[in-house]
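To start, the structure under review is shown below, and the notes come after it.
What follows draws every value from the coordinates through simple rules; no lab data is involved. Note that the structure is predicted; figures quoted are calculated from it, not measured. Cβ placement follows ideal geometry from the backbone for every residue including glycine, while neighbour counts extend to all protein chains displayed.
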Amino acid sequence: MSLPTQVRIVEVGPRDGLQNEAQPISVADKVQLVDALTAAGLGYIEVGSFVSPKWVPQMAGSAEVFAQIQRKPGVTYGALAPNLRGFEDALASGVKEVAVFAAASEAFSQRNINCSISESLERFVPIMDAARQHGVSVRGYVSCVLGCPYEGHVAPEQVARVARELYAMGCYEVSLGDTIGTGTAGATRRMFEVVSADVPRAKLAGHFHDTYGQAMANIYASLLEGISVFDSSIAGLGGCPYAKGASGNVATEDVVYLLNGLGIETGIDLDALILAGQQICNVLGRPTGSRVAKARSAQ
């Protein structure tokens, strides 16, 4: 299969990246990050999460962030809304697209959200109904698609079952996430091969963590499978909570550099992206997780 000519990047740094940070991050700093990502040409930015602050304290100010960002026409500003209350709060903040998440691993589902995979999917039914009623798009995430911290190997057929359910429920796109970053290129290709028998490749996205240094290889393997949407996080924000001290999300700067080298269009300005990453890393008081940004700054 030939490589896609165009790729859409879903920037998850302001949500998936920052939610793992222990130190408080001000609304102003979050707004600055989102605006910088908009200026760099990102077409989709996951801004925040409407969940109980008791569970994810870092996302407590999501409504204020949505109220203050400079929205650019044509850019999607999404939010995670795992339950109906979260959906209603997102709607009140003018959110036009929300995301829901399920796991491909039964053990991970029980430990992470205290219910079975089937029960988690049932919880999304009222969200999907409300979203249809209000003209809000819903994107689905599936976690642990290439390995689970509790179960180990996860069968591609199990991933396909969950992805199929989310797609049938009304998720316009399903993002498949290697949550612990143990996946390899061969396993990635096999997974997309199996899942695409149930969900069209054009409706699938890849979400790779770089814990084992395999994210770029897995993205290239996904491109060979005809996948043209990838989630990534500015400066590689978002550690992997299941592997102590390990990196988490693949850095957006690195993904864009790869795609530029392949002649694949993203519409993203790499220099502006690197600057946005440097700004948020200055706020956090630590170096970037992007190898491209590190190499550029050393020149």
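Tabulated data for the structure shown
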| quantity | calculated |
| --- | --- |
| Coarse-grained scattering of region 163-259 at q = 0.10, 0.12, 0.19 Å⁻¹, given as base-10 log I(q)/I(0) from a Debye sum over alpha-carbon atoms | -0.25, -0.36, -0.86 |
| Most mobile listed residue (L275, L176, L204) in the chain, GNM with C-alpha springs under 10 Å | L275 |
| R85 versus V194: modelled label distance in nm, points set 7 Å from Cα along the beta carbon direction | 3.6 |
| Loop trypsin sites (Lys or Arg not before Pro), region 218-299, which have at most 14 other Cβ atoms in a 10 Å radius of their Cβ (DSSP) | K244 |
| Dipole moment magnitude, nearest 20 debye, region 8-298 about Cα centre, only Lys, Arg, Asp, Glu C-beta charged | 160 |
| Table column - 3J(HN,Hα) (Hz), region 114-120, Karplus curve with 6.51, -1.76, 1.60, x for Gly and Pro | 6, 7, 6, 4, 4, 5, 5 |
| Top positive-direction residue, dipole computed over the chain with Cβ charges, set C281, P73, S62 | C281 |
| Local electrostatic count at G17 - Lys and Arg +1, Asp and Glu -1, tallied over other residues with Cβ under 11 Å | -3 |
| Pairs beyond 22 Å (Cα-Cα), from K72/K294; K54/K96; K54/K203; K72/K96; K30/K54 | K72/K294; K54/K96; K54/K203 |
| Within region 72-110: backbone nitrogen closer than 11 Å to the A155 label point (7 Å, Cα to C-beta) | none |
| Beta bridge orientation in the chain: antiparallel %, DSSP, nearest 5 | 5 |
| Long-range amide H partners of Y141 with built H, under 5 Å | V100, F101, A102, S175 |
| Alpha-carbon centroid distance for the pair region 74-146 / region 249-293, whole angstrom | 27 |
| Sites N282 and W55, calculated FRET efficiency, Cβ-Cβ separation with R0 30 Å, nearest 0.05 | 0.60 |
| Label selected from (1) 25, 24, 19; (2) 35, 24, 18; (3) 33, 21, 19, the criterion being semi-axes √(5λ) of the Cα gyration tensor in Å as computed here | (1) |
| MRE, 222 nm, helices only [DSSP H, n ≥ 4, -39500 (n - 2.57), over the chain, to nearest 500] | -12000 deg cm²/dmol |
| Amide H within-cut-off set for G183, under 5 Å, with H built and near neighbours excluded | none |
| Interchain or long-range residues, amide H under 5 Å from Y44's placed H | E11, T76 |
| Taking N as its residue count, the alpha carbon Rg of region 31-96 over 2.2 N^0.38 Å | 1.07 |
| K54, K203 arranged by Cβ crowding within 10 Å, fewest neighbours leading | K54, K203 |
